[in-house]
Amino acid sequence: AASGEESDVVVIGGGPGGYVAAIKAAQLGLKTTCIEKRGALGGTCLNVGCIPSKALLHSSHMYHEAKSSFAHHGVKFSNLEVDLPAMMAQKDKAVSGLTKGIEGLFKKNKVEYVKGFGKLVSPSEVSVDLVDGGSTIVKGKNIIVATGSDVKSLPGVTIDEKKIVSSTGALALTEIPKKLVVIGAGYIGLEMGSVWNRLGSEVTVVEFAPDIVPSMDGEIRKQFQRMLEKQKFKFMLKTKVVGVDTSGSGVKLTVEPAAGGEQTVIEADVVLVSAGRVPYTAGIGLDAIGVETDKGGRVLVDNRFMTNVKGVYAIGDAIPGPMLAHKAEEDGVACVEFIAGKEGHVDYDTVPGVVYTHPEVASVGKTEEQVKASGVAYQVGKFPLLANSRAKAIDDAEGMVKVISEKETDRILGVHIMSPGAGEIIHEAVLALQYGASSEDIARTCHAHPTVSEALKEACMNTYDKAIHM
Ligand code: FAD
């Protein structure tokens, strides 16, 4: 540790992968040190990712509901307005409360917290440039690289976090842009686009690929895109950005069809670059000690999260696999279980994915396209939210549930939900996949009425038999 004593486990990075690994390691009785450069724990997720984005999604949803839906529900008032500084302050308070919470958990579990930039100098030593000045060497029998990821930049588009922002800047705008252009139709772009769209921005999403969120089931994606268009999102698909001019008061973007062709210029007050994330693995001493990475810079690990260098492990966004906080956490727990001589387990095939728009879109397992490509005979059951009593009662009935199961055994292969609260409902399906359940297993499980979860039950009934309510 910083005191010069050797730790059993040294974690570089205090994000959901790193801090969870550190706490779990300490709980398993290992002497643990966690090094974090940002001056706050929680990583991308807590500081500039999952948590602040969900805070703003919730606040902007409340405003939007008040503006567009309250009157239908018989709730009337005048003088509705957005107080952006207050909205940002509530987000910041949520973030700082949670980062302090992790510091408290470190103390409780006796994880030593070193604030600084860590660099591997040998397979058992990390040199740290301390945030408060000076440097130190932290020694460990095992080292876990949990350095996460960073915004992917686009050639020729310089992020200044004012007019051309990354997701980090989009979480902290000081004014509501009249026109927002989002480059990249992945879940981060659509979530941040939703925030500003609800607060009044005109949002145009430019995407190189022919589809939004390419990982999504095609049928759900089509409905999702229609729903976003109804919310006044504009999409320019199969389109690439070829030039950016920030010399005027706003931004002028030159775009052209992905396949080449006539150029057009679109104007924006703010441009959000959300074209993906890249592992943060350069400049941290991996080359110096011979740790292998792939072409994209991801650290290569075996099924026990060990790199090719004995005693050096890697987890989370820094390695291949879904770049999600909960996956990073699972990696972290399994990795230290292996280090402690126990068994660990993460199944990347049952990692759920959620887009926190309204309604939410959540999925687990395979899309219909993937099942088809695998050649397995399958059956599909669907259920529209319009036929779900709770969704109708609250007048929030846009969306559907889709269940795909193996024809022969009815074992569930994939579940896709677009509904209010889909990100909560999906876990029933995650559990089903984890335990190899059939659609009939879910259909014969009693679900409380009236709940949106019943739409999943009925979609399952429709998979192996027939639903009641359609
Ligand atoms: P990170 O969270 O990136 O943490 C790595 C940490 O290591 C950082 O704090 C960094 O400062 C530190 N570090 C790096 N190098 C060093 C070094 N050399 N020395 C010391 N410290 C170092 N995922 C979800 O699951 N759900 C969501 O809703 C969601 N929303 C998101 C919204 C946005 C806007 C963004 C950008 C991301 C979102 N993500 C979401 C993705 C999620 O944030 C990441 O998958 C997750 O944070 C990865 O965890 P990690 O621990 O691997 O890395």
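Restricting to the stretch 364-391, give me the number of residues that are assigned to a strand (DSSP E or B), closer than 20 Å to R226 by Cα and open to solvent by 40 Å² or more (accessible area, probe 1.4 Å). Let's see the steps before the verdict.
Taking the stretch 364-391 first, the residues assigned to a strand (DSSP E or B) are 364-365, 378-384.
After this cut, where a residue has to be closer than 20 Å to R226 by Cα as well, the list is 382-384.
Going one step further and asking which of them are open to solvent by 40 Å² or more (accessible area, probe 1.4 Å), we end up with 382, 384.
Qualifying residue count for the region: 2.
Exactly one of (1) under 28 Å from E330 (Cα atoms); (2) away from the ligand (no atom under 16 Å from the Cβ) is unmet by A209. Its number?
If we test A209 against (1) under 28 Å from E330 (Cα atoms); (2) away from the ligand (no atom under 16 Å from the Cβ), just (1) comes out false.
Which of the following residues is modelled with pLDDT of 95 or more, over 30 Å from S68 (Cα atoms) and of a type in the set (D, E, K, R): D294, D269? Reasoning before the result, please.
On the way: D269 fails: over 30 Å from S68 (Cα atoms).
From the options D294, D269, the qualifying one is D294.
I'm checking my understanding of the structure. Among residues of the stretch 268-280 that are more than 11 Å from the ligand (Cβ to nearest atom) and assigned to a loop (DSSP other than H, G, I, E, B), which one is nearest to E36 (Cα to Cα)?
A275
Can you run down the residue pairs with Cβ atoms below 6 Å, 6 or more apart or on separate chains, where the first is in the stretch 50-78 and touching a residue at least 12 places away in the same chain (Cβ under 8 Å) and the partner is of a type in the set (D, E, K, R) and surrounded by 18 or more Cβ atoms within 10 Å (Cβ to Cβ)?
From the stretch 50-78, the pairs are P52/K91; S53/E191; A55/K91; L56/K91; S60/R198; H64/R198.
Going through A325, A362 one at a time, which residue ends up being within 22 Å of G399 (Cβ to Cβ), within 14 Å of the ligand (Cβ to nearest atom) and among the hydrophobic types (A, V, I, L, M, F, W, C)? Even if it seems obvious, please write down each step before you answer.
On the way: A325 fails: within 22 Å of G399 (Cβ to Cβ).
Among A325, A362, only A362 is within 22 Å of G399 (Cβ to Cβ), within 14 Å of the ligand (Cβ to nearest atom) and among the hydrophobic types (A, V, I, L, M, F, W, C).
Condition check ((1) farther than 30 Å from D129 by Cα; (2) out of contact with any Ser or Thr (no Cβ under 9 Å at 6 or more places or on another chain)) across all residues:
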| site | (1), (2) |
| --- | --- |
| F233 | yes, no |
| V244 | yes, no |
| T254 | yes, no |
| A259 | yes, yes |
| Q263 | yes, no |
| I284 | no, no |
| K295 | no, yes |
| D302 | no, yes |
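Which condition from (1) open to solvent by less than 40 Å² (accessible area, probe 1.4 Å); (2) within 9 Å of the ligand (Cβ to nearest atom) is the one that M88 breaks?
Only one criterion is unmet by M88, namely (2).
Taking the stretch 71-85 only, how many residues are open to solvent by less than 70 Å² (accessible area, probe 1.4 Å) and within 30 Å of the chain's Cα centre (by Cα)?
2
Starting from the stretch 281-310, take each residue that is within 16 Å of the ligand (Cβ to nearest atom) and list its partners that are charged (D, E, K, R) and outside any loop (DSSP other than H, G, I, E, B), counting only C-beta distances under 6 angstrom and pairs at least six apart or across chains.
Sorted first by the residue in the stretch 281-310, then by its partner, the pairs are I284/K119; G285/K119.
Do you know which residues across the stretch 29-56 are part of a loop (DSSP other than H, G, I, E, B), more than 23 Å from V128 (Cα to Cα) and more than 9 Å from the ligand (Cβ to nearest atom)?
Of the stretch 29-56, the ones part of a loop (DSSP other than H, G, I, E, B) are 29-31, 37-42, 49.
Within this subset, residues satisfying the condition of being more than 23 Å from V128 (Cα to Cα) are 29, 49.
If the condition is that a residue be part of a loop (DSSP other than H, G, I, E, B), more than 23 Å from V128 (Cα to Cα) and more than 9 Å from the ligand (Cβ to nearest atom), then G29 is the only one that fits.
Among the residues of the stretch 296-314, is there at least one that is hydroxyl-bearing (S, T, Y), surrounded by fewer than 18 Cβ atoms within 10 Å (Cβ to Cβ) and either touching a Leu at 6+ places or on another chain (Cβ under 7 Å) or part of a helix (DSSP H, G or I) (or both)?
The first filter runs over the stretch 296-314 and keeps only residues hydroxyl-bearing (S, T, Y), leaving 307, 313.
Imposing the further condition that a residue be surrounded by fewer than 18 Cβ atoms within 10 Å (Cβ to Cβ) reduces the set to none.
Within the stretch 296-314 (the criterion being hydroxyl-bearing (S, T, Y), surrounded by fewer than 18 Cβ atoms within 10 Å (Cβ to Cβ) and either touching a Leu at 6+ places or on another chain (Cβ under 7 Å) or part of a helix (DSSP H, G or I) (or both)), the answer is no, since none of the residues qualifies.
Can you tell me which of G101, G118 is within 26 Å of the chain's Cα centre (by Cα) and crowded, with 16+ Cβ neighbours inside 10 Å? Spell out how you get there, then give the answer.
Numbers: G101 fails: crowded, with 16+ Cβ neighbours inside 10 Å.
Going through G101, G118 in turn, the sole match is G118.
Just to check your reading of the model, which residue among L237, L253, L228 is more than 30 Å from P123 (Cα to Cα), at pLDDT 95 or above, in contact with a Pro (Cβ under 8 Å, 6 or more places away or on another chain) and not charged (D, E, K, R)?
Details: L253 fails: in contact with a Pro (Cβ under 8 Å, 6 or more places away or on another chain); L228 fails: in contact with a Pro (Cβ under 8 Å, 6 or more places away or on another chain).
Among L237, L253, L228, only L237 is more than 30 Å from P123 (Cα to Cα), at pLDDT 95 or above, in contact with a Pro (Cβ under 8 Å, 6 or more places away or on another chain) and not charged (D, E, K, R).
Scan (1) within 14 Å of the ligand (Cβ to nearest atom); (2) of a type outside the set (A, V, I, L, M, F, W, C); (3) open to solvent by 50 Å² or more (accessible area, probe 1.4 Å); (4) in contact (Cβ under 8 Å) with a residue 40 or more places away in the chain for the single condition E161 breaks and write down its number.
Unmet for E161, out of (1) within 14 Å of the ligand (Cβ to nearest atom); (2) of a type outside the set (A, V, I, L, M, F, W, C); (3) open to solvent by 50 Å² or more (accessible area, probe 1.4 Å); (4) in contact (Cβ under 8 Å) with a residue 40 or more places away in the chain: (4).
Quick check on the stretch 1-20: of everything there that is in a loop (DSSP other than H, G, I, E, B) and more than 8 Å from the ligand (Cβ to nearest atom), which residue is least open to solvent (accessible area, probe 1.4 Å)?
Initial filter on the stretch 1-20 (in a loop (DSSP other than H, G, I, E, B)): 1-6, 13-15.
If we keep only those that are more than 8 Å from the ligand (Cβ to nearest atom) too, we end up with 1-6.
Numbers: A1: 1, A2: 49, S3: 94, G4: 46, E5: 107, E6: 83 Å².
So, considering only residues that are in a loop (DSSP other than H, G, I, E, B) and more than 8 Å from the ligand (Cβ to nearest atom), the one least open to solvent (accessible area, probe 1.4 Å) is A1.
Name every residue in the stretch 315-327 that is outside any loop (DSSP other than H, G, I, E, B) and open to solvent by 10 Å² or more (accessible area, probe 1.4 Å), in order of residue number. Quick ask: steps written out before the conclusion?
Initially, the stretch 315-327 is screened for residues outside any loop (DSSP other than H, G, I, E, B), giving 316-318, 325-327.
Within the stretch 315-327, D317, A325, H326 qualify.
Please state which one of V213, V195, V182 is under 19 Å from K54 (Cβ atoms) and part of a loop (DSSP other than H, G, I, E, B). Spell out the reasoning first.
Working: V195 fails: part of a loop (DSSP other than H, G, I, E, B); V182 fails: part of a loop (DSSP other than H, G, I, E, B).
Checking each option against the conditions leaves just V213.
Does K152 satisfy the criteria of being in contact (Cβ under 8 Å) with a residue 60 or more places away in the chain and within 12 Å of the ligand (Cβ to nearest atom)?
Numbers: in contact (Cβ under 8 Å) with a residue 60 or more places away in the chain: yes; within 12 Å of the ligand (Cβ to nearest atom): yes.
Against the criterion (in contact (Cβ under 8 Å) with a residue 60 or more places away in the chain and within 12 Å of the ligand (Cβ to nearest atom)), K152 qualifies.
Looking only at the stretch 21-50, which residues are within 20 Å of the chain's Cα centre (by Cα) and either more than 16 Å from T168 (Cα to Cα) or surrounded by 19 or more Cβ atoms within 10 Å (Cβ to Cβ) (or both)?
Within the stretch 21-50, A21, L41, G42, G43, T44, C45, L46, N47, V48, G49, C50 meet the criteria.
Regarding the stretch 332-341, can at least one residue be identified that is more than 10 Å from the ligand (Cβ to nearest atom), of a type in the set (V, I, T) and either free of Cβ contacts under 8 Å to residues at least 60 places away in the same chain or surrounded by fewer than 18 Cβ atoms within 10 Å (Cβ to Cβ) (or both)? Spell out the reasoning first.
Let us first name the residues in the stretch 332-341 that are more than 10 Å from the ligand (Cβ to nearest atom), namely 333-341.
From the residues that got through so far, the ones that are of a type in the set (V, I, T) too are 333, 336, 339.
Narrowing the set further to residues that are either free of Cβ contacts under 8 Å to residues at least 60 places away in the same chain or surrounded by fewer than 18 Cβ atoms within 10 Å (Cβ to Cβ) (or both) leaves none.
No, there is no match, as no residue in the stretch 332-341 is more than 10 Å from the ligand (Cβ to nearest atom), of a type in the set (V, I, T) and either free of Cβ contacts under 8 Å to residues at least 60 places away in the same chain or surrounded by fewer than 18 Cβ atoms within 10 Å (Cβ to Cβ) (or both).
Can you tell me which residue is nearest to M400 (Cα to Cα) among those in the stretch 215-236 that are open to solvent by less than 10 Å² (accessible area, probe 1.4 Å) and of a type in the set (A, V, I, L, M)?
Result: I220.
The values are calculated or read from the model by the stated rules, or taken from the named source; none is laboratory data. Just so it is clear, the structure is predicted and the values come from calculations on it, not from any experiment. With ideal geometry, Cβ positions are generated from the backbone for all residues, glycine too; neighbour counts draw on all protein chains shown. Heads up: the accessible areas ignore ligands, DNA and RNA and are worked out on the full protein's heavy atoms, side chains in. Shrake-Rupley method; radii C 1.70, N 1.55, O 1.52, S 1.80 Å.
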